[in-house]
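Every number here is computed from the coordinates shown, using simple stated rules; none is lab data. None of the values given here were measured: they were computed from a predicted structure. Glycine also receives a Cβ, built like all others from the backbone with ideal geometry; neighbour counts cover every protein chain displayed.
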Amino acid sequence: MPIRKVLIVDDSKTELMFLTDLLQKNGYTVKTAEDADDAFRRLAEEKPDLILMDVVMPGQNGFQLTRAINRTPEYADVPIIICTSKNLETDRVWGMRQGARDYVTKPVDADELLGKIKALG
């Protein structure tokens, strides 16, 4: 299934603007959420084809939210790419264990991210 609709979950306005701009310029429809509650509201409104997930956020962190989404039957098939400044191998492994399909570190390399999205689509 081609990826067209992307939900970005990040508490940084700067990061949301950068990723939204990058994805829209490449033909994707983008919705954003700033925390776990917001993310579930957005999921209920319209199921995305992909979620880009920050890790460090107030309340539920991105690892917890990734696990929660993967355990929710109607969203379990939505691929999640973790997009974070946490660049340790242990973080990457933990993120993948929570159900993420891929892992990208910030600052995000636009070509790397677009390549990973295309690989999933």
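Compactness of the chain, taken as the C-alpha radius of gyration over 2.2 N^0.38 Å, stands at 0.93. Find out how many positive minus negative residues lie around ARG71, taking Lys and Arg as positive, Asp and Glu as negative, among other residues whose Cβ is under 14 Å from that of ARG71. Once all neighbours under 14 Å are counted, the net charge is 0.
A straight Cα-to-Cα reach below 16 Å connects LYS13 with the aspartates and glutamates ASP21, GLU34, ASP35, ASP38, ASP54, residues fewer than 8 places away in its own chain not being considered. Assuming charge only on the beta carbon of Lys and Arg (+1) and of Asp and Glu (-1), the dipole of the chain about its Cα centre is about 300 debye to the nearest 20. Sorted on the mean count of surrounding Cβ atoms within 10 Å across their residues, most packed first, peptides 87-97, 3-13 read 3-13, 87-97. Cross-link partners of LYS118 among lysines, defined as those whose alpha carbon lies under 16 angstrom from its own and excluding same-chain residues fewer than eight positions apart: LYS5, LYS25.
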